[in-house]
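The values are calculated or read from the model by the stated rules, or taken from the named source; none is laboratory data. Predicted model only: the values in this text are computed from it and were never measured. When we count neighbours, we look across all protein chains shown, and the Cβ atoms used for this are built from the backbone with ideal geometry, even at glycine. SASA here: full protein model, heavy atoms, side chains in, ligands and nucleic acids out. Shrake-Rupley method; radii C 1.70, N 1.55, O 1.52, S 1.80 Å.
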Amino acid sequence: MSITVSLQVNGRNVSETLEPQTLLVDFLRNHLRLTGTHVGCDTSQCGACVVHVDGLAVKSCTLLAAQAHGTQVTTIEGLETEGRLHPVQEAFRSEHGLQCGFCTPGMIMSAVALLRRNPTPTEAQVREGLEGNICRCTGYHNIVKAILTASTHMPAQSAQASRS
Amino acid sequence: MSSVPRMKGATKHIGISRKRTEDPLILMGKAKYVDDISLPGQVEVAFLRSSHAHADITRVNLAKAKAHPDCIKIVTAAEMDGGSVTYSDHQGNLQPVATPFFAGEKVRFVGEIIAAVVAPTRYIAEDIVDLIEVEYDPLPVIFDVEEAMKPGAELVHEEILGNVFFSNIFNKGDINKAFREADLIVRETINTGRTSAAPMETRGVIAHWEWDDTLTVWSSTQTPYPLRTNIARFLHFPEQNIRVIAPQVGGGFGQKAHLFPEEFILPWISKDIRKPVKWIEDRREHMLAAAQAKQQTLHIELAIKKDGTILGLKNKAIGDCGAYSMFPWGGIIEPAVGNTGLPGAFNFQNIQYESFAVLTNKMCTSAYRGVGWSAAVFAREMAVTKAALLLKIDIADIYYRNFIKKDEFPFLSATNQTYDSGDYHQVLDKCLEMSDYRKLKAQPRLLKNGRLRGIGISFFVEPTAWGSRVAEESGYRGITTHDSATVEMDPTGTVTVKSGQFGHGQGTKTTMAQVAAETLGVRFEDVRVLEGDTATGSYGMGTFASRSGVIGGGTVIRAATDVRNKLLKIAAHVMEANAADLIIDEGVVYVKGSPDRHMTVRELAHITYFDRFRRPNTDEVEPILSSKRHYDPPETYANGSHCVVIELDPQTGKIDITRIVAVEDCGVMINPQIVEGQMRGGIGQGIGMALLESLEYDKNGQLNNASFMDFLMPNACTLPDIDCAHIVTPSPVTDGGFKGCGEAAMLSVHCAFGNAVADALSVYGVLVPTSTPIGPQQVMNLIGSANEQR
């Protein structure tokens, strides 16, 4: 039995016929070839698969594609505009907030959602906001610094810019 | 000593925190890891893995599985002709232990591969795996190393008596005299916990055999060239027809510097079924069957004088190496390599150590950041911590008393490691000053919130630049390890570096470009580094063991120097000047003292390739600007110090980290921001090892926490900010003056935590941790033992 799932991904309307058990992350990666969203743990701990569904950061390995029917989804690929990096992406680069890069897309999606909720977080609030994202390379220091840097450089509208 | 130019004093590109060229693709989600690659017609593999730790396989029934309409192929040991890879570095009493691709008649750990199922998708392949019926006849499980070594113990491999496949003994100085003359002898048994590097990207392989008998393998590996060579060796495939690509790799930390059975099985299947095949490890498989690390039992004895002078050290290190000896490092890497690092920064010369590599029914242990040394230095430091408390001398003062002094280099350590340089006093001074160590130590431990503050310090010496000589000084006599790079100047004056290194987080595309730009005198933006693909690189061992900065940097310096000299020779001819009078700066060649006489590198490169009327006679000077060079560096040892401040809750045993300071001397820094990234990243993993992580095998050899749900790693809330500082003593022996910096914290920061816990608990008495991780249970047990003593 297949089902049809229709939703908006990075501002584009998509409609696909899927096996009902297809996870949102597999739908994004395998059907739409949006491979920037990663799978790190299979059990919702690591956060490499974080995307935005209707503006909320969710772990796409723990959501069925069917559950995203009728929503607006933003992935890491939807964050830059015409080759211009989002301020959070820029800050990750300038602060060396990434090494191997595998956790980075999920980390950035969590950070963008965090800054939307709280545009001027404290260091402690940033750390708390990243509790669901594991990085094995950086010791988190530069990730936290990047998010704090982005919060000071981000115009109010950029915080809303994620197409949701 | 080499005659190539030194980097000292150079400033244009070396020592500058360039933004990484690797980053834009990653940040946009466009970098391609193995799982992001899909080939037309690709099929997928799922593995049937043993559910028993030790058992005879009495029957494998494939009938139902083969009857599945989507089953393409099932491979077992019989199909692959019992193939195996063997660690066989002949030294000491090493008995080779073959690591089979598939378990045959016996399984020896939970997670060992019994069969590979090929199907159109992973989902279907997993369904078919469930249809395979395996009958096991369970055997007694060998769980504990000291039990395993007893006479009459069950054997993991029948041919390896006593389950010990390697042992060695080392003596230097007069250890008996040292212990006779000691005012205090500290004896401890230390157990370091088994952990996993757990990179965020699991392993994964795609193999594609084609009809011209070429084979392309994509693997999440740290070592693409050795993988190519060993696929050729063990699968009897022509090496010139193999291309190995390590695409974007999501962390390795030493764990992916092994060659795993899956990396041989996939190519074999692809050739057999003539289709591209793909396998992506899931996290449970990773926890069960990717190399594990760090588990040792160490019996340490320290002989020390009342004034804190260390007279000597004895250690018996027993590595819990698991069921096989993982290729190419082997299980000896824990106990034997660890012992070589026992002296650290201290000048004592009396030592005796023994190493035993012991087989058990668990996954193999092998390389992971700080391998071997993490355990050995923890044992030493807990003994020194105890001595400091008993002698009532601050441990920092014991360090100062026993340090090798800056004018004593080169210094031959008690284990015969040749330390090239350093200023340990200055590094420790800086660390103590930044952390307010003396002031905090003078304050009461009990805080107003009822918690106990603990201040911990540690100091490390790190063997870096893993070439043949450091490998030998670290216990691998037989291993030859060196690298090469090609530097080519293109006809438009831009530069391509083809490297044998392969960064998977270290930023070597950036740092090697900095080294090339500095050496050649061109712009950083005009250099591109190719790595991670055996079709476009240059033979090398890959990136691990704090080696790439030094060895990769050295190969690039050497090759770029050749190209520079060639260019200057041509420039001298074209510009009618003396080559010795020419300088190159940011892509422009000037005649010294005549700034008006200049030409761009671009013009000169064009003339070299295309203008036979202006360039020198081609019989004398070939019209190419390219060089390939090799480097196998002398030994170089980095050093540094960590200070941590904790608050410990004596009611629960919980430890909160309030401050971390790291000071490091890795010689000349190519890119300080990247160095600090390595320092902080190592601290993050070191905290996991120190306080949180433990792979919990039960007595039946079942792994009870084979997922991130149960395997506890540091998150952003575990750590505070980390303050970093640098002391730079350039290596006098390496090209560029570089020393490595990758593993540092994993030889140190866990010791600082052990020291901090002992400091916090000093209100109860002399209580020193004896195992890692130092979790709440151990803290409460230590407090309980103090109460019992009263």
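Residues in segment B:639-666 that are surrounded by fewer than 18 Cβ atoms within 10 Å (Cβ to Cβ), more than 14 Å from every other protein chain (Cβ to nearest Cβ) and either within 27 Å of B:His425 (Cβ to Cβ) or polar (S, T, N, Q) (or both): 2 in all. Among the residues making up segment B:709-738, those that are within 12 Å of chain A (Cβ to nearest Cβ), open to solvent by less than 10 Å² (accessible area, probe 1.4 Å) and in a loop (DSSP other than H, G, I, E, B) are B:Phe711, B:Pro714, B:Ala716, B:Leu719. Among the criteria (1) more than 12 Å from every other protein chain (Cβ to nearest Cβ); (2) within 30 Å of B:Val495 (Cβ to Cβ); (3) open to solvent by 10 Å² or more (accessible area, probe 1.4 Å), the one B:Thr636 does not fulfil is (3).
Apart from one condition, B:His52 fits all of (1) in a strand (DSSP E or B); (2) more than 13 Å from chain A (Cβ to nearest Cβ); (3) under 24 Å from B:Thr202 (Cα atoms); the exception is (1).
The residue that is nearest to the other protein chains (Cβ to nearest Cβ), counting only those in segment A:72-91 that are surrounded by 21 or more Cβ atoms within 10 Å (Cβ to Cβ) and among the hydroxyl-bearing types (Ser, Thr, Tyr), is A:Thr75.
Mind telling me which of the residues B:Gly330, B:Gly338 ends up being touching a Phe, Trp or Tyr at 6+ places or on another chain (Cβ under 6 Å), of a type in the set (Gly, Ala, Ser) and without any contact (Cβ under 8 Å) to a residue 60 or more places away in the chain? Just one listed residue meets the conditions, B:Gly338. Look at (1) within 14 Å of chain A (Cβ to nearest Cβ); (2) out of contact with any Lys or Arg (no Cβ under 7 Å at 6 or more places or on another chain); (3) open to solvent by 20 Å² or more (accessible area, probe 1.4 Å) and you find that B:Gln255 fails only one, number (3). If only residues of segment A:26-50 that are β-branched (Val, Ile, Thr) and under 21 Å from B:Ile37 (Cβ atoms) are counted, the one that is nearest to the other protein chains (Cβ to nearest Cβ) is A:Thr35.
Within segment B:209-228, the residues that satisfy the criterion of being touching a helix residue (DSSP H, G or I) at 6+ places or on another chain (Cβ under 7 Å), surrounded by 17 or more Cβ atoms within 10 Å (Cβ to Cβ) and more than 14 Å from chain A (Cβ to nearest Cβ) are B:Trp209, B:Leu215, B:Val217, B:Ser219, B:Leu227, B:Arg228. Would segment B:129-146 turn up any residue that is within 14 Å of B:Ile72 (Cα to Cα) and in contact with a Cys (Cβ under 6 Å, 6 or more places away or on another chain)? Within segment B:129-146, not a single residue is within 14 Å of B:Ile72 (Cα to Cα) and in contact with a Cys (Cβ under 6 Å, 6 or more places away or on another chain). Checking segment A:92-104 against the condition returns a match, with at least one residue being more than 30 Å from B:Arg203 (Cβ to Cβ) and either within 11 Å of chain B (Cβ to nearest Cβ) or open to solvent by 20 Å² or more (accessible area, probe 1.4 Å) (or both).
Against the definition (in contact (Cβ under 8 Å) with a residue 12 or more places away in the chain, touching a helix residue (DSSP H, G or I) at 6+ places or on another chain (Cβ under 6 Å) and in a loop (DSSP other than H, G, I, E, B)), how does B:Gly312 come out, yes or no? Judged against the criteria, B:Gly312 is not a match.
Yes or no: segment B:75-85 includes at least one residue that is within 20 Å of B:Ile124 (Cβ to Cβ), open to solvent by less than 30 Å² (accessible area, probe 1.4 Å) and either more than 14 Å from every other protein chain (Cβ to nearest Cβ) or without any contact (Cβ under 8 Å) to a residue 12 or more places away in the chain (or both). Checked segment B:75-85: at least one residue is within 20 Å of B:Ile124 (Cβ to Cβ), open to solvent by less than 30 Å² (accessible area, probe 1.4 Å) and either more than 14 Å from every other protein chain (Cβ to nearest Cβ) or without any contact (Cβ under 8 Å) to a residue 12 or more places away in the chain (or both). Residues that are touching a residue at least 40 places away in the same chain (Cβ under 8 Å) and among the small types (Gly, Ala, Ser) were ranked within segment A:79-106; the one that is farthest from A:Gly132 (Cα to Cα) is A:Ser94.
Residue pairs whose Cβ atoms lie under 9 Å apart, sitting 6 or more positions apart in sequence or on different chains, and linking a residue in segment B:151-180 that is assigned to a strand (DSSP E or B) to a partner that is open to solvent by 90 Å² or more (accessible area, probe 1.4 Å), are B:Val164/B:Asn93; B:Phe165/B:Asn93; B:Phe166/B:Asn93; B:Ser167/B:Asn93; B:Asn168/B:Asn93.
In segment B:416-482, counting only helices (runs of 4 or more DSSP H) that sit wholly within it, the ones holding 3 or more residues that are hydrophobic (A, V, I, L, M, F, W, C), under 30 Å from B:Pro776 (Cβ atoms) and touching a residue at least 60 places away in the same chain (Cβ under 8 Å) span B:424-435. Scanning segment B:15-33 for residues that are more than 9 Å from every other protein chain (Cβ to nearest Cβ) and touching a strand residue (DSSP E or B) at 6+ places or on another chain (Cβ under 9 Å) yields one hit, B:Thr21.
Taken together, B:Met669, B:Met679 contain a single residue that is buried (at least 21 other Cβ atoms within 10 Å of the Cβ), within 14 Å of chain A (Cβ to nearest Cβ) and part of a loop (DSSP other than H, G, I, E, B), which is B:Met669.
Of the residues screened, B:Lys275 is one that is modelled with pLDDT of 95 or more and part of a loop (DSSP other than H, G, I, E, B). Just one of the numbered conditions (1) within 27 Å of B:Ala442 (Cα to Cα); (2) assigned to a helix (DSSP H, G or I) is not true of B:Gly338: (1).
Scanning segment B:683-708 for residues that are open to solvent by 30 Å² or more (accessible area, probe 1.4 Å) and either in a loop (DSSP other than H, G, I, E, B) or outside the structural domain of B:Ser458 (by TED's automatic domain parsing) (or both) yields B:Glu696, B:Asp698, B:Lys699, B:Asn700, B:Gln702, B:Asn704. For B:Leu266, are the conditions met, namely being open to solvent by less than 10 Å² (accessible area, probe 1.4 Å), under 30 Å from B:Glu381 (Cβ atoms) and touching a residue at least 40 places away in the same chain (Cβ under 8 Å)? Considered against the rule, which asks whether it is open to solvent by less than 10 Å² (accessible area, probe 1.4 Å), under 30 Å from B:Glu381 (Cβ atoms) and touching a residue at least 40 places away in the same chain (Cβ under 8 Å), B:Leu266 comes out as no.
Residue selection: B:Asp36 fails the criterion of being open to solvent by 50 Å² or more (accessible area, probe 1.4 Å) and either within 14 Å of chain A (Cβ to nearest Cβ) or farther than 19 Å from B:Ile206 by Cα (or both).
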